[in-house]
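In what follows, a single structure is set out as C-alpha cells and then discussed.
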Amino acid sequence: MNLRKYLVALCILASVFGPDCRAQTVKPNIIFFLVDDMGWQETSVPFWKEKTKLNERYHTPNMETLASQGMKFTQAYACPLCSPSRVSLMTGLNAARHAVTNWTLRKNVSPDIKHKTLEIPSWNVNGISPVPGIEGTRYVKTLPMFLKEAGYTTIHVGKAHWGAKGTPGENPLNLGFDVNIAGHSAGGPGSYYGKYNFSAAWRSNFTEDLIWDVPGLEKYHGQDINITEALTLEAISSMEKSVKKKKPFYLYMSHYAIHAPWEKDERFYQKYKDKGLSDFEATYASMIESMDKSLGDIMAKVNELGIEKNTILIFMSDNGSPSQCPQNEPLRGHKIDPYEGGIRDPMIVKWPDVTPSGSVCDQPLIIEDFFPSILAMAGVKKQKQIGGKIDGKSFVPMLEGKKVDVSKRSFFWHFPHNYGDEPYSVIRKGDWKLIYWYKDGKKELYNIPEDIGEKNDLSTTHPKIVKDLASRLGKYLKSVGAKTPVEKSTGIARPFPDDIEINTSK
C-alpha cells in the first residue's frame, strides 16, 4: 500500500470509529505555566510530607485543583536564579554547559559584585542567540523552534529574560515564538500597575533608564489593572485564536509574578492584612494568589474551549524565593543559594489520560529535563541541540506512572559568581548532595532525605562519599568547559572540586 492510500485508509477508519479514534492522532496543546521566584512552600499545596506554616498562610485553590487532577513532583529542581533556569528550559542544556550562569540584562555587563580576592570568570553574559557569532552568547536551537517545526503555534506571554538588550536573544520572536506578548530583555517589570504603564518612572527615587518597563501592553496603560491579570487576558485571547485555526499550540505563560518589585494586588491584599500579616507579607501573599487566579482563569478557558482532554498543563517555578521573603521551611536557604531553598521548586503536571489524578512523584528531576520531556509530549523524536549535548532526560515515564530509578543519575549546578553568594558548584547523586565553595575549597555534604534542612554537614564523617562526588562533579565541569574563579593574587584559576583535598574549615 502506498503512502497516499494508507492515509486515505486512516481517514476512513477515523470517520468510522468517531472522534475518540481521531483524537489519538492529534498533537496535544501544551501550556507551560512558569512562575518567577516562587518558593517550594509558597502555596496551600503541601509539597512536603506534612503541611507547613506557609501552606497555611497562602491560598492557592487553583493549584490545589491542578494537583488533584494531575501529578505533583516533590523534588523538582531548577537553577538558583532566573536566566540560567530559563535557558536550560529552552535548550535542554545544564547551566555549566550553556554558561549563562547569572542573570542577563545589559549587553556585555555582568551583575557580579567585585570580589576581594577572586576574579569572576567570563560567562555568556549576553544569553542565548538564534544565530552564531554574537559575542557572549550560546548559539542554540530552542524548544519553540522544534515545536514550530512540528506544526505548533508557539505563544510567549510574559517574562522572557533570555538575552541582553541589543542582542537577537532579547526578542522571543527570534527564538521560535510566533507570538510575543510583553517579553524582552529585563527579568522584572518596572511596575505591576497598569495605572503606571507598567513602568518604574513613577517612583520618586528611580534614577535608572527605563530598561525594566514592560513592552507590548500599551492598551492597558492608565488602567487600574495588575500585570498578572493583563497577561492572563492576553494569553486567553491567544489561545482562542489558536483553537480557531485548529492548530495545536504551545503557550509559554511566563509570569513576572512574584518577582520584585513587590506590589500588592488590591483584589487579594486586604484578606491577608485581616489575618494579621505585615504590609510586606500581605503584599507578597496577594501576588501569589493573583498568580493562582491566573492559573484558574486559564484552566477555565481550556474547559470552555473544549480542549481539556487534549491539553497538557505544566506548572513550575524558576528558582526559590528571595532572601527578603519568609524561609521556606523545612528547607534552608533562598534564591541564589546552593541549598534546597534556592533550587527546589513546586511542580505539577496534568496530562489527561496519562498522569493519574492526585498522584505524587518523589523522584528528583531538573529544569533541563523539561526540554526533552515537552518535545516527547509533542511527538518530536529528533532532538539534536546545536548548542551542545543535551543534558536533560525526559520525565514522561514518570508521568505515565512507571518506575524510574534515578539513584545513579548525577544532577549538577554551577554558579562561579559573586552575586548574593560566594562562587560554588553542586552535585546531587542519590541521597547525597555535595556543595563546593571556590573561595577556600570547603566541601559540605548532606544526606537530603534524612536532613532536608541541610543542618548536619557530614563531610568529615563520610570522606569516601565526598571524594566520589567531588570526582564526579569535577569531571563533569571539565567535560563541558566550565570555568572557575581566578585568584587575584596569583592569576591562577581556583581548582575544580576533584583537584583539592577535603577542607572542612571555612
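The values are calculated or read from the model by the stated rules, or taken from the named source; none is laboratory data. Keep in mind that what you see is a predicted model, and the values were worked out from it rather than measured. Because the Cβ atoms are built from the backbone with ideal geometry, glycine has one as well, and the counts that use them run over all protein chains shown.
Checking Gly151 against (1) within 18 Å of Lys27 (Cβ to Cβ); (2) outside any loop (DSSP other than H, G, I, E, B), which single condition isn't satisfied?
With (1) within 18 Å of Lys27 (Cβ to Cβ); (2) outside any loop (DSSP other than H, G, I, E, B) applied to Gly151, the lone miss is (2).
Residue-wise test of (1) among the charged types (D, E, K, R); (2) within 20 Å of Leu217 (Cβ to Cβ); (3) in contact with a Gly (Cβ under 8 Å, 6 or more places away or on another chain); (4) in the same structural domain as Tyr196 (by TED's automatic domain parsing).
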{"site": "Lys241", "(1), (2), (3), (4)": "yes, yes, no, yes"}
{"site": "Lys247", "(1), (2), (3), (4)": "yes, no, yes, yes"}
{"site": "Ile258", "(1), (2), (3), (4)": "no, yes, no, yes"}
{"site": "Pro261", "(1), (2), (3), (4)": "no, yes, yes, yes"}
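Please specify each residue of region 385-424 satisfying the condition of being among the hydrophobic types (A, V, I, L, M, F, W, C) and in contact with a strand residue (DSSP E or B) (Cβ under 9 Å, 6 or more places away or on another chain).
Passing the criteria: Ile386, Phe395, Met398, Leu399, Val404, Val406, Phe411, Phe412, Trp413, Phe415.
Checking Gly188 against (1) under 22 Å from His98 (Cα atoms); (2) in contact with a Phe, Trp or Tyr (Cβ under 9 Å, 6 or more places away or on another chain), only one condition comes out false. Which one?
All conditions are met except number (1).
Would you mind telling me which numbered condition in (1) outside any loop (DSSP other than H, G, I, E, B); (2) closer than 24 Å to Phe315 by Cβ Val406 fails?
Checking Val406 against (1) outside any loop (DSSP other than H, G, I, E, B); (2) closer than 24 Å to Phe315 by Cβ, the one that fails is (1).
Looking for whichever is surrounded by fewer than 22 Cβ atoms within 10 Å (Cβ to Cβ) and aliphatic (A, V, I, L, M) here; the options are Leu313, Leu305. Which one fits?
Leu305
Output the number of the condition that Phe371 fails; it satisfies all remaining conditions of (1) in contact with a helix residue (DSSP H, G or I) (Cβ under 6 Å, 6 or more places away or on another chain); (2) surrounded by fewer than 24 Cβ atoms within 10 Å (Cβ to Cβ).
Of everything listed in (1) in contact with a helix residue (DSSP H, G or I) (Cβ under 6 Å, 6 or more places away or on another chain); (2) surrounded by fewer than 24 Cβ atoms within 10 Å (Cβ to Cβ), Phe371 misses just condition (2).
Specify which of the listed residues (Ser479, Ser425) is touching a helix residue (DSSP H, G or I) at 6+ places or on another chain (Cβ under 8 Å), of a type in the set (Ser, Thr, Tyr) and either closer than 16 Å to Asn94 by Cβ or modelled with pLDDT of 95 or more (or both).
Of the residues listed, the single one that is touching a helix residue (DSSP H, G or I) at 6+ places or on another chain (Cβ under 8 Å), of a type in the set (Ser, Thr, Tyr) and either closer than 16 Å to Asn94 by Cβ or modelled with pLDDT of 95 or more (or both) is Ser425.
Of everything in region 441-485, what is among the aliphatic types (A, V, I, L, M) and in contact (Cβ under 8 Å) with a residue 24 or more places away in the chain? Give them in sequence order.
Selection gives Leu445, Ile448, Ile452, Ile465, Val466, Leu469, Ala470, Leu473, Leu477, Val480, Ala482.
Kindly list, by first and then second residue, each pair from a residue in region 324-353 that is acidic (Asp, Glu) and surrounded by fewer than 22 Cβ atoms within 10 Å (Cβ to Cβ) to a residue that is at pLDDT 95 or above and assigned to a loop (DSSP other than H, G, I, E, B), limited to pairs with Cβ atoms under 8 Å and residues at least 6 apart or on different chains.
Glu329/Gln41; Glu329/Thr52; Glu329/Gly453
Within the bounds of region 273-284, is there any residue that is more than 18 Å from Thr60 (Cα to Cα), in contact with a strand residue (DSSP E or B) (Cβ under 7 Å, 6 or more places away or on another chain) and surrounded by fewer than 24 Cβ atoms within 10 Å (Cβ to Cβ)?
No, there is no match, as no residue in region 273-284 is more than 18 Å from Thr60 (Cα to Cα), in contact with a strand residue (DSSP E or B) (Cβ under 7 Å, 6 or more places away or on another chain) and surrounded by fewer than 24 Cβ atoms within 10 Å (Cβ to Cβ).
Only one residue in Gly194, Gly166, Gly188, Gly183 is at pLDDT 95 or above, in the same structural domain as Glu263 (by TED's automatic domain parsing) and at positive phi. Which one?
Gly166
How many residues does region 188-217 hold that are assigned to a loop (DSSP other than H, G, I, E, B), surrounded by fewer than 23 Cβ atoms within 10 Å (Cβ to Cβ) and not hydroxyl-bearing (Ser, Thr, Tyr)?
Qualifying residue count, region 188-217: 14.
Among the listed residues Pro338, Pro372, Pro330, Pro352, which satisfies the condition of being in a loop (DSSP other than H, G, I, E, B) and under 18 Å from the mean Cα position of the chain (by Cα)?
Step by step, each of Pro338, Pro372, Pro330, Pro352 is checked, and only Pro338 is in a loop (DSSP other than H, G, I, E, B) and under 18 Å from the mean Cα position of the chain (by Cα).
Identify all residues within region 218-233 that are in a helix (DSSP H, G or I) and closer than 16 Å to Pro261 by Cα; write none if there are none.
Once the filter is applied, which keeps residues that are in a helix (DSSP H, G or I) and closer than 16 Å to Pro261 by Cα, region 218-233 yields Ile227, Thr228.
Which members of region 234-282 meet the condition of being in a strand (DSSP E or B) and either more than 16 Å from Gly183 (Cα to Cα) or modelled with pLDDT under 95 (or both)?
Scanning region 234-282 gives a single hit, Phe249.
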